[in-house]
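For reference, the structure discussed in these notes is given below.
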């Protein structure tokens, strides 16, 4: 423990004192302030941040470089440091479509890249509890918030439900909403798996992001409230555009909405 | 719609027929079969996969190349295609520590890189509902399953609880378990934010992964069952090692454990 001459604050004394470790620590706190909107517009100056975090200006500079490399901030001489990109929160708790979850941020528009009936690959048939050789409806959508590509969604629907969904407007309506409309039922539960993957070159071009850029990859199997699985999706979200948020509890096996 | 001469199956007719789109579709289904353990050891041959997915061997080859680039499979002439890496499931539903969630897969070992009392940066003090200038306990751990680095965890604990946690064995015990031990209370809820980010060079070296590799980044604020926030964590998980899994429901704001 040592007292800084400059700030008078007690300094952290990590066991390993590499500057890169300190920079990461500062960057983590800052990035979540930026994401939460606590730091909007212009980011505080280096000196102020150094005092806040009980660290040196060099460490702050390195932390800001990390956030700049992620595309969260822009740094320009004289103009200072500005919040560059907005990331949007996708609720992890509620089973909401993109349009529903981003209400208030703008209009979600879907470029429908494929919409057709195909023979279900065996693995898809199993997940949707169909017989081998059954058909499924396959839909591929590139999803935008205004002009910003957010995600690429590959969707397999049970054939009866899917045929009805195909008759509706896929460009401006969430599949979740259409599923409830055409079946007259509510959605029940969903099983999901969430990963971080690198964008392959073709996907990167489609999502207008550099090859290798980190993507949040969501596989989600959604059931109607009668327990029937109807919707298997593979969703790639741009890592620099989407944060998934939720709450959970330990003692009871229940999640609560934020 | 057209019938394949080779397989007799009805072929997909996507609106945009690029092979890269078809390859991505095949890769998505295969990757989740691999993750779910449905395809263990040796992956079926190209011809078999082409028939299953109603597509060409060239498309299958391109799909397998995508999975190889992600490190999920190895391909070698004569030896065929094998599942290369195992990813581990981290429960998204239950509030479990890594050691608890990976029970059965091996022993989690923590390399404690920092463990000290520091002045809380203002943003951390606010999240933990501390007064400006209050202390926090800062712990930095690199976490291994056997010899495999899985995650780098930066942890800020409320000072009273943290001081007691520091007196315990951080190398083999989850912080969640220690929190319940030293407070005599159960953990209550947690707020979490999940993102995909690229590994900066320093973090990449620490996690023994290439710079730019995709990481699952989790920010989690955990409360005791009396509603007091005690544990703020920034967790970077290797994207090629961890899948987060959970279930959720639409109609009621509750999550169910798988």
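All of the numbers you see were taken from the coordinates with simple rules; none came from a lab. The model shown is predicted, which means the values in this text are computed figures rather than measured ones. Here the Cβ positions follow ideal geometry from the backbone for every residue, glycine too, while neighbour counts run over all protein chains shown.
Okay, helix-only estimate at 222 nm for chain B: each DSSP H run of n ≥ 4 adds -39500 (n - 2.57), divide by all residues, round to 500 deg cm²/dmol; what do you get?
After summing the helix terms and dividing by residue count, I get -7500 deg cm²/dmol.
Using a label point 7 angstrom from Cα along Cα-to-C-beta, what distances in nm, from shortest up, separate residue B:76 from the other copies?
Values, ascending and in nm: 5.4.
Could you give, in nm with one decimal, how far residue A:148 is from each other copy of that position, shortest first, with labels 7 Å out from Cα toward Cβ?
3.5
Using a simple spin-label model with points 7 Å from Cα along the Cα→Cβ vector, what separation in nm is obtained for residue B:18 and residue B:111?
Reported label-point gap for residue B:18 and residue B:111 is 4.1 nm.
Which order results if B:111, B:48 are arranged by neighbouring Cβ count within 10 Å, fewest first? Mind dumping the intermediate values first?
Working: B:111 14, B:48 11.
Sorted ascending by nearby Cβ count, the order is B:48, B:111.
Using a label position 7 Å from Cα in the Cα→Cβ direction, what is the ascending list of nm distances from residue B:57 to the same site in the other copies?
Those separations, rounded to one decimal, come out as 6.5 nm.
Please give the average number of partner chain Cβ atoms lying within 10 Å of the Cβ of each residue in A:146-153, rounded to a whole number.
Taking all residues of A:146-153 together, the mean is 0.
Please express the shape of chain B as an equivalent ellipsoid: the semi-axes are the square roots of 5 times the eigenvalues of the C-alpha gyration tensor, given largest first in whole angstrom.
Rounded to whole Å, the semi-axes are 44, 20, 16.
What distance in nm lies between label points placed 7 Å from Cα along the C-beta direction at residue A:164 and residue A:57?
Going by the 7 Å Cα→Cβ label model, 6.6 nm.
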